[in-house]
Structures are given as C-alpha cells and as structure tokens.
Amino acid sequence: MKAFRLDELEAERAANDGAYLQFLRERNMSVGLYALDAGQSDPQQPHRQDEVYFVVSGRASITVGEETTTVANGSVVYVPAGVPHKFHHITEPLKVMVVFSPPEG
C-alpha cells in the first residue's frame, strides 16, 4: 500500500519551489498536487493524457475548451487529452489533486 498525507505533500511541494509535485507514478496513472496562489496565472499547456482535477481547497474558475465553470473545495473536473485548459480568476489559494492517465511525462 502507498498512503499519503496532504499536509506532508504540500510541505514537499512548497520546499521544492514548484507549483506541481508528482507524488505517485504507476503503469497506468500518475497523481500530483498542483497549487496556485490567488491572482496567479496558470501556465499549463494541453497534456497528452486524460486528467481529473479534484479541488482540495480554494476558489477559481476553469476553462476547458470553450466551457467555463467555477470550482471550489470538493469540485471534480475531467479534462480530455489535448484539450486546452486553464484555471483563472483565482480568488482563494488553489490546491488541486491531479490524476493523469496514462502517467504524465
């Protein structure tokens, strides 16, 4: 079994000065923690993998393709591979669990 604590993952992500920390990589998927501060720009480009976002905390809007919705704690968003997407109008610091399938990279 592999088990993780969100507070420890967040500390590791912050210590590495990055917005993203991949903490699990398996044959068919990878999982990471992504964080953006209020007002920050999301530099993402489309990925070659399908992905699912689970919003752990914060508040923002996300645009996937031509659709936009507001997300907050507990929101889940699916993004198909190759589709442009960005978080924006981040009004509260955003922490998002990201699942890629197949694994990112």
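Among the residues of the range 68-91, those identified as open to solvent by less than 80 Å² (accessible area, probe 1.4 Å) and in a strand (DSSP E or B) are Thr69, Val71, Ala72, Val77, Val79, His85, Lys86, Phe87, His88, Ile90. Across the range 83-105, the number of residues qualifying as closer than 21 Å to Arg25 by Cβ and over 10 Å from the mean Cα position of the chain (by Cα) comes to 5. The residues in the range 5-37 that are in contact (Cβ under 8 Å) with a residue 60 or more places away in the chain, surrounded by 13 or more Cβ atoms within 10 Å (Cβ to Cβ) and closer than 17 Å to Pro103 by Cβ can be counted, and the count is 9. Among the residues making up the range 44-67, those that are surrounded by 13 or more Cβ atoms within 10 Å (Cβ to Cβ) and among the polar types (S, T, N, Q) are Gln44, Gln49, Ser57, Ser61, Thr63. Gln40 meets the conditions (1) without any contact (Cβ under 8 Å) to a residue 40 or more places away in the chain; (2) open to solvent by 70 Å² or more (accessible area, probe 1.4 Å); (3) of a type outside the set (D, E, K, R) in every case but one. The failed one is (1).
The values are calculated or read from the model by the stated rules, or taken from the named source; none is laboratory data. Every value quoted in this text rests on a predicted model; they were computed, and no experiment measured them. FYI the Cβ positions are ideal-geometry reconstructions off the backbone, even for glycines, and counts take in every protein chain you see. Side chains are part of the model used for accessible areas, which takes the heavy atoms of the whole protein and leaves out ligands, DNA and RNA. Shrake-Rupley method; radii C 1.70, N 1.55, O 1.52, S 1.80 Å.
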